[in-house]
Number of protein chains: 2
Amino acid sequence: MTTEGRKGRPTDLREACVQEALAIIGESGVESLSLRDVARRLGVSHQAPYKHYPSRDHILAEIVSRSFSAFAQYLDERSKTGDPRGDLREMGRAYLGYAIAQPLHYRLMFGTPLPDPRQHPEMMGRARHTFALLRTDIARLPGRPAESYSDRSLDLDALFVWSVMHGLASILQSHVLKTLDLAPEVLEAAISHALARIGTALGVRAPEGEPIPP
Amino acid sequence: MTTEGRKGRPTDLREACVQEALAIIGESGVESLSLRDVARRLGVSHQAPYKHYPSRDHILAEIVSRSFSAFAQYLDERSKTGDPRGDLREMGRAYLGYAIAQPLHYRLMFGTPLPDPRQHPEMMGRARHTFALLRTDIARLPGRPAESYSDRSLDLDALFVWSVMHGLASILQSHVLKTLDLAPEVLEAAISHALARIGTALGVRAPEGEPIPP
DNA sequence: CAGGAAGGTTGACGCCGTCTACTTCTGCGC
DNA sequence: GCGCAGAAGTAGACGGCGTCAACCTTCCTG
């Protein structure tokens with residue numbers, strides 16, 4: 001192994017900076033991330049990180065890139081039911097579960113202005129991959145013969161489904177939500193309800209006797 | 001009138017600070033807003049704003065509050081068709097239109113961590129008002145007899161519709177979207193498509209011969 | 001062995017928010 | 001008419017930030 005967990009001057013400072021920055025973001029969010037703090041926590045001078053990253057934006061891009069990787073991997077590892085309807089639902093659950101479990105990392109990916117994307121193609125590749133996962137799951141839904149389902153309709157529906165998930169993920173974490181004084185049961189049921197509504201919107205009928213999946 | 005448009009030492013510095021800060025946010029976003037810059041642009045010492053606001057967060061809260069007011073007013077002034085389906089669609093259009101026309105103000109309201117909401121109740125009142133507008137429009141939809149439509153279902157559907165709109169608004173402005181290389185027609189049609197899908201999701205059938213409203 | 005690059009250090013600059021102390025103006029009670 | 005309190009504005013300082021520049025080690029290589 002080439003890195004040490006923490007402290008005692010890491011042998012691989014470049015990697016240690018990323019890890020420490022990830023930890024800081026997970027604790028208190030992107031906006032409170034400072035390279036000086038990273039250096040301080042690593043017991044290293046405030047300029048040391050600059051030997052490995054030209055600027056704060058560059059280390060941020062690296063972190064965003066890894067967040068996308070972790071997110072994509074998480075979505076890929078979701079439980080697969082074999083049933084297209086179930087698969088899409090599990091995808092939605094995985095998406096929202098991640099957003100709620102890692103709110104600061106989620107915000108990092110989708111909630112803050114990113115550094116110039118053209119300079120970080122692999123980060124963008126991960127984003128495309130995630131969208132492709134969603135697109136595939138939707139394409140497999142029953143009642144939608146592939147031949148009558150043009151690419152554009154598919155893109156539009158993927159965009160729609162993504163909007164619901166991203167919107168709900170953002171809203172569930174937003175300060176605004178707390179002032180609405182919604183009943184706790186409403187908040188608990190919000191995800192299942194939204195996923196069921198997505199099913200309805202896409203014309204997928206739940207089998208009889210299965211009103212709303214738990 | 002008690003304020004001057006710009007320059008020549010405003011008679012009402014408190015108001016002028018808000019206006020200048022709004023302008024800065026509209027130009028370059030919240031994160032680049034600094035009280036020193038505001039003071040500089042107003043030709044006033046860097047401490048002058050602090051005579052009217054205890055901290056940066058307080059002036060920010062004032063601005064967020066006004067953004068909510070403007071947004072709520074905009075939504076209230078949307079065109080009303082008299083038809084519940086059309087009203088909901090126009091509401092969606094107004095919402096997304098505002099988000100796209102004023103991306104930085106929209107991000108200010110929904111995309112950044114807000115100052116402690118409990119200290120700014122009127123700001124929260126505006127947010128509640130907006131949600132109530134949406135709730136009312138949904139309650140009026142046909143095919144949903146009021147008696148069988150419990151408050152919780154209504155809340156859940158309002159949350160769902162809001163998720164779509166907020167999600168789409170965010171995604172259409174996100175850097176991530178640009179890397180997906182979607183066809184321009186897809187992007188143009190995205191809003192209408194999402195609004196139509198909302199209709200389907202809520203069980204509202206479009207009249208025959210009206211596939212997707214323009 | 002010379003030399004040079006990679007990696008780390010110290011110091012400085014100009015930004016920022018914020019604290020404190022000083023001035024200037026204004027209105028009000030006496 | 002006077003004095004004085006308080007509001008409004010100014011000036012300076014502090015620490016934190018990102019970043020630039022200069023310097024020092026260490027170690028690998030031609």
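The values are calculated or read from the model by the stated rules, or taken from the named source; none is laboratory data. No experiment lies behind these values; they were computed from the predicted model shown. Cβ atoms come from the backbone with ideal geometry, glycine included; neighbour counts cover every protein chain shown.
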- Could you list, in sequence order, the residues of region B:30-79 that are surrounded by 16 or more Cβ atoms within 10 Å (Cβ to Cβ) and part of a loop (DSSP other than H, G, I, E, B)? B:Leu33, B:Leu42, B:Val44, B:His52, B:Tyr53, B:Arg78
- Does region A:92-101 contain any residue that is over 27 Å from A:Ser32 (Cβ atoms) and crowded, with 21+ Cβ neighbours inside 10 Å? yes
- Within region A:80-91, residues being free of Cβ contacts under 8 Å to residues at least 24 places away in the same chain and buried (at least 16 other Cβ atoms within 10 Å of the Cβ) number 1
- A:Asp12 meets each of (1) away from DNA strand C (no atom under 16 Å from the Cβ); (2) farther than 28 Å from B:Phe160 by Cβ; (3) in contact with an Asp or Glu (Cβ under 9 Å, 6 or more places away or on another chain) with one exception, condition (1)
- Mind telling me which of the residues B:Asp151, B:Asp116 ends up being more than 20 Å from B:Glu31 (Cβ to Cβ), within 12 Å of chain A (Cβ to nearest Cβ) and surrounded by fewer than 21 Cβ atoms within 10 Å (Cβ to Cβ)? B:Asp151
- Item | Qualifying residues in region B:183-197 (those that are within 7 Å of another protein chain (Cβ to nearest Cβ) and assigned to a helix (DSSP H, G or I)) - the one surrounded by the fewest Cβ atoms within 10 Å (Cβ to Cβ) | B:Glu185
- Note on the structure: Scanning region A:15-54 for residues that are under 27 Å from the mean Cα position of the chain (by Cα), of a type in the set (A, V, I, L, M, F, W, C) and within 11 Å of DNA strand C (Cβ to nearest atom) gives A:Ala16, A:Cys17
- Item | Matching residues, region A:164-177, being more than 7 Å from chain B (Cβ to nearest Cβ) and closer than 20 Å to B:His129 by Cβ | A:Leu177
- Item | Whichever residue in region B:109-151 is over 26 Å from A:Gly111 (Cα atoms) and among the hydroxyl-bearing types (Ser, Thr, Tyr) and, among such residues, is modelled with the highest pLDDT | B:Thr136
- Query: Quick one: which of A:Asp76, A:Asp57 is in contact (Cβ under 8 Å) with a residue 40 or more places away in the chain, of a type in the set (Asp, Glu) and within 16 Å of DNA strand C (Cβ to nearest atom)?
  - Reply: A:Asp57
- Residues satisfying the stated conditions in region A:17-70, i.e. among the acidic types (Asp, Glu) and either farther than 26 Å from B:Thr179 by Cβ or within 12 Å of DNA strand D (Cβ to nearest atom) (or both): A:Glu20, A:Glu27, A:Glu31, A:Asp37, A:Asp57
